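Structure first, then comments.
The values are calculated or read from the model by the stated rules, or taken from the named source; none is laboratory data. None of these values were measured; they are calculated from a predicted model. Cβ sites come from the backbone with ideal geometry, for glycine too, and all protein chains shown count toward neighbours. Accessible surface is based on the protein model in full, side chains and every heavy atom, while ligands, DNA and RNA are left aside. Shrake-Rupley method; radii C 1.70, N 1.55, O 1.52, S 1.80 Å.
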Amino acid sequence: MKHALSNRKNLNGCVRALSNNQTMGQRKFLPGRKTRKSHCFIMVIAFILDFFLVSGLGFPQDEAANTKAPEGMIKGRVIDEEIKSPIPNVRVKVVGTSLEVYTDADGYFSIPNVSVGTYTLELSSRFFITRRKPDVIVKSNRTTYVEATLKLDKIVQEEEITVTASYFSSTESQPTSSTSFSNEEIRRAAGSAGDVSRIISSLPSVTRTNDMMNYLVVRGGSPAENSFYLDNIEIPNINHYPALGSTAGAISLLNVDFIRDVRFYSGGFSPIFGDRLSSVMDISFREGNHDESDFQLSLDMMGIGAVGEGPVASGKGSWMFSARRSYIDLLIDLMGSGVPVTWSDFQGKLNFDLSSNNRLSFLGVAGLDSSGTKKEDALKDDESFYGDLDTTEYTVGVNWFSIWGTNGYSNTSLSHSYIRYKDAYYHTVSEELARRGKNREQSFVLRNVIFYRLSQASNLEFGFELKHLTSDYNYYLASYTDVLGTSVPDFSKEIKASAEKASAFLKHTWNPFSKLTLNTGIRVDYSSHNKNSSFSPRLSLSYTLSEKSSLDAEAGVFTQHLPLVLLFQNKNFKTLSNPLAYHFVLGIRHLLTENTRLTIEVYDKEYKHFPLDPAQPSLFIFDEVFYSGFFNEHSHLLDTGKARSYGIEFMIQKKLAEKVYGMMSASYFRSRYRDLDGVWHNRVYDNQYIFAVEGGYKLNKFWEFGVKWNYAGGPPYTPFDEVASQHINSGIFDLARINGERLPAYHSLNIRMDKRFYFRASNLTLYLSVWNVYNRKNVFSYYWNTIEKKPGHVLGWGILPVLGIEFEF
């Protein structure tokens, strides 16, 4: 199956056009030199426009210009981390000030007349672990809403001792391979552009592939092995320019201003999440303002945007809505050069409290993308193909959250997801049609998760999922020569298929004594299309070695149905087994200080039942997304493929306590697969080693500075047989060196500077970020240039300045 947009789509952000680098078999769409030259002009124009916009506002830049220091308000609610019920009489203190309040009977608190700035809240209550929540930003004439959780402390209950406050949330329910980020940590990260996937790339478990795409490659897997959940609703892909059958894309379509927090599981995740082999990203949207209407205008790398929020039904509910559109195409029209590219996204959330224990939420997220290359531009830029691409995606859903007194809660959601791909590409020289496609995928999902506390030492989490999936594929591909030198005749295909999936899951958490937490669980998945059933048992434990250290371990089975775009190609594929992976993780966590934590983990991930094509016995089907951006057409598949990833990871994470925050990570790993001939090869994401440093310095309430540096070993690639390739002018792999060579190592430095302006009734945030500061020429991939009839290479971004503006009123 061919999909129009490959992993070689080059997102050029708010100051660069996105060039189509599509692969059709071995054929590439390269970023044009003309487009690259226009990038600098685009950046200069955007920078000048933004600079004069900000300079022309004429607002004061600090409190000295006002007779009274601007103030805001902090409101929030404190709930039990496990059962989600409100906790009354919690002491909420603004660290470093005399401000202090207590929560009411419903867990709410309010702190008025707080001077603008960044604060840390300390939350404490008897029998609960004291927690410090950093990055609480108070703005002029705005209400900052904080939802915090506290966890019962068995040690305190049994031994009546005082435990030092922690900046880190409890992780006993997921002791291994789990990391969380707040809204502010995502927003301010250098080089992230507010993209949740790009800040995740600093973790030691995530391979950095290139700057142009935000692929999540977790512990040697592929982008097809990940899943995303938003407020208990599964979203097939959270990115603009999504790849069919995968979670790959260019940049996130989620607005970071809506995100409350993100928890990322790089392995060993709970059985309440499933049908994925590598990772889960669990995202929570915040609620809108229940007291007043607020608005925000922004101009940044994602484009021009607006956000609004306010109360519903006299404060019993709230609404939020966001709309954004890229402006690169407008600049290109002014310049008369470049590749036309546009993307837009829309998202909204409506909450309504049916009662004190029941809340209804409506959620919607949508993205629209288009790009195209003209023949004359393709000729000038040595591109083999030209054409157009349009994608549309959305997810809408409703979620009912119900608290069951002091024993537990239920979370029930109903959602609909839709993705459409439409493309047409032509040979640059001959103008003959190369491919055309109209492909659609839809899903209707009912999901229920129930938490029930059996006792202070034991609880259950269980539920189910029901899915109805439909696919409509209609595509044509002209004849071509594949990477093995085999001539493939032209063909067209029309597929309409549907399937049902059902899942049930159960997890039991038990504290036999205060220092030990045991999690046991099982998940069952069933598909009506191939009648496959998968059983996935899982076990994890966490043992407290001391007040600051714990030992964690996990083992489990993880299964995944084949992507529909692959499974529906041939009715004989119904007999294929579901791929599965065995996860084994051992780790240790140690608090170096109350706000700094060291984590060390070793893992082994062993795969079975991967599909392999006898016509291409040495190639790995699940990694086709890297080569092509989609799954190719296959007439015959076997499920005997095996793979293995293993490694060791180190991470030091420091939360913002006063002025300094950051994260440093490193890992060494290997990722390999066994082909049909029994030979083991490197997988395409086997970088072997990764190192990343990310952090910042908060000088005061007005100025903040950030930095991020990534280093990764070169990933494997297969060189061309140049004699054979030149003979037919098409890239032919050297089969004796499948993934036997490596690209140059990747490294890049990003810096960022934020300046906040506080006025009486409004706020302005201005930031300047520079990506790839020292202009490293990172090689993303090699390709066969059919225009020049020789190998060529695709480079990542050069130095890229990005200016952003956010105005709140």
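DSSP loop (so not H, G, I, E, B), at most 15 other Cβ within 10 Å: list which trypsin sites (Lys or Arg not before Pro) in the stretch 612-693 pass both filters. Can you show the working numbers first?
Numbers: sites: Lys642, Arg644, Lys654, Lys655, Lys659, Arg670, Arg672, Arg674, Arg683; in loops: Lys655, Lys659, Arg683.
Sparse-neighbourhood loop trypsin sites (Lys or Arg not before Pro): Lys659.
Which trypsin sites (Lys or Arg not before Pro) does the stretch 767-807 hold that lie in a coil by DSSP with at most 13 other beta carbons within 10 Å?
Within the stretch 767-807, the qualifying trypsin sites (Lys or Arg not before Pro) (loop, at most 13 other Cβ atoms within 10 Å) are Lys777, Lys789.
Write down the accessible area per residue of the chain in Å², having rolled a 1.4 Å probe over the full set of protein chains. Present the calculation step by step, with values, prior to reporting the outcome.
Values: 28800 Å² over 809 residues.
With all protein chains present, the chain gives 36 Å² per residue.
Give the Debye-formula value of log10 I(q)/I(0) at each listed q (0.05, 0.06, 0.08 Å⁻¹), with one equal scatterer per alpha carbon of the chain, two decimals each.
Log10 of I(q)/I(0), two decimals: -0.25, -0.37, -0.67.
Obtain the nm distance between the two label points defined at Arg742 and Ala666 by a simple spin-label model: each point lies 7 Å from its Cα along the Cα-to-C-beta direction.
1.6 nm
Take peptides 419-428, 582-591 and line them up by average Cβ neighbours within 10 Å, highest first, as a rough protection proxy.
Packing proxy ranking, top to bottom: 419-428, 582-591.
Mind listing the phi-derived Karplus ³J(HN,Hα) values for the stretch 648-665, rounded to whole Hz, using 6.51, -1.76 and 1.60 with θ = phi - 60°, and x for any glycine or proline?
10, 10, 10, 8, 10, 10, 10, 7, 6, 9, 10, 10, 10, 9, x, 8, 10, 9
Counting helices only, and only those DSSP H runs with n ≥ 4, report the 222 nm mean residue ellipticity of the chain as the sum of -39,500 (n - 2.57) divided by its residues, in deg cm²/dmol to the nearest 500.
Dividing the helical sum by the residues of the chain leaves -2500 deg cm²/dmol.
Sorted by packing (mean other beta-carbon atoms within 10 Å per residue), highest first, where do 196-205, 715-724 land?
196-205, 715-724
Need one number: nm distance between label points at Trp400 and Leu699, each 7 Å from Cα along Cα→Cβ, rounded to one decimal.
5.4 nm
How much length would be gained if the chain were fully extended between Ser546 and Leu454, taking 0.36 nm per residue of separation minus their Cα-Cα distance, in nm to one decimal?
Taking Ser546 through Leu454 to full extension adds about 30.4 nm, to one decimal.
Distance between the C-alpha centers of the stretch 477-519 and the stretch 529-583? Whole Å please.
The distance from the Cα centre of the stretch 477-519 to that of the stretch 529-583 comes to 10 Å.
From a point 7 Å beyond the Cα of Glu606 in the direction of its Cβ, which residues of the stretch 247-283 have a backbone N at a distance under 19 Å?
In the stretch 247-283, the label zone of Glu606 (backbone N under 19 Å from the point 7 Å along Cα→Cβ) covers 267-269, 277-278.
To test your reading of the geometry: what angle, between 0 and 90 degrees and rounded to tens, separates the Cα axis of helix 33-55 from the longest principal axis of the chain?
Result, in degrees: 20.
Give me the one-decimal nm value for the distance between modelled label points at Tyr689 and Glu658, 7 Å along each residue's Cα-to-Cβ direction.
Label at Tyr689, label at Glu658, 3.5 nm between them.
Rounded to the nearest 20 debye, what is the charge dipole size of the chain about its Cα centre when +1 sits on each Lys and Arg Cβ and -1 on each Asp and Glu Cβ?
On the way: 87 positive and 87 negative charges, 114 e Å.
Here the size comes out at about 540 debye.
On the protein heavy atoms, probe 1.4 angstrom, tell me the percent of accessible surface of the chain carried by carbon and sulfur.
Values: 16750 of 28800 Å².
So the carbon and sulfur contribution to the accessible surface is 58 percent.
Which value, in debye to the nearest 20, describes the size of the charge dipole of the stretch 447-573 about its Cα centre when Lys and Arg Cβ atoms bear +1, Asp and Glu Cβ atoms bear -1, and nothing else is charged? Don't jump to the answer; show the numbers that get you there.
Working: 13 positive and 11 negative charges, 85 e Å.
The dipole magnitude comes to about 420 debye.
In the stretch 768-809, what GluC sites (Glu not before Pro) fall in a loop by DSSP, with at most 15 other Cβ atoms inside 10 Å?
Here the sparse-neighbourhood loop sites are Glu788.
Which order do the peptides 132-144, 307-319 take when ranked by the mean count of other beta-carbon atoms within 10 Å per residue, highest first? All intermediate terms of the calculation are to be shown ahead of the outcome.
On the way: 132-144: 20.7, 307-319: 16.5.
In descending order of packing, they fall as 132-144, 307-319.
So which of Lys501/Lys608; Lys571/Lys605; Lys605/Lys655; Lys349/Lys374; Lys375/Lys438; Lys374/Lys708 end up more than 32 Å apart by C-alpha?
Working: Lys501/Lys608 21 Å; Lys571/Lys605 30 Å; Lys605/Lys655 30 Å; Lys349/Lys374 39 Å; Lys375/Lys438 22 Å; Lys374/Lys708 37 Å.
Over 32 Å Cα-Cα: Lys349/Lys374; Lys374/Lys708.
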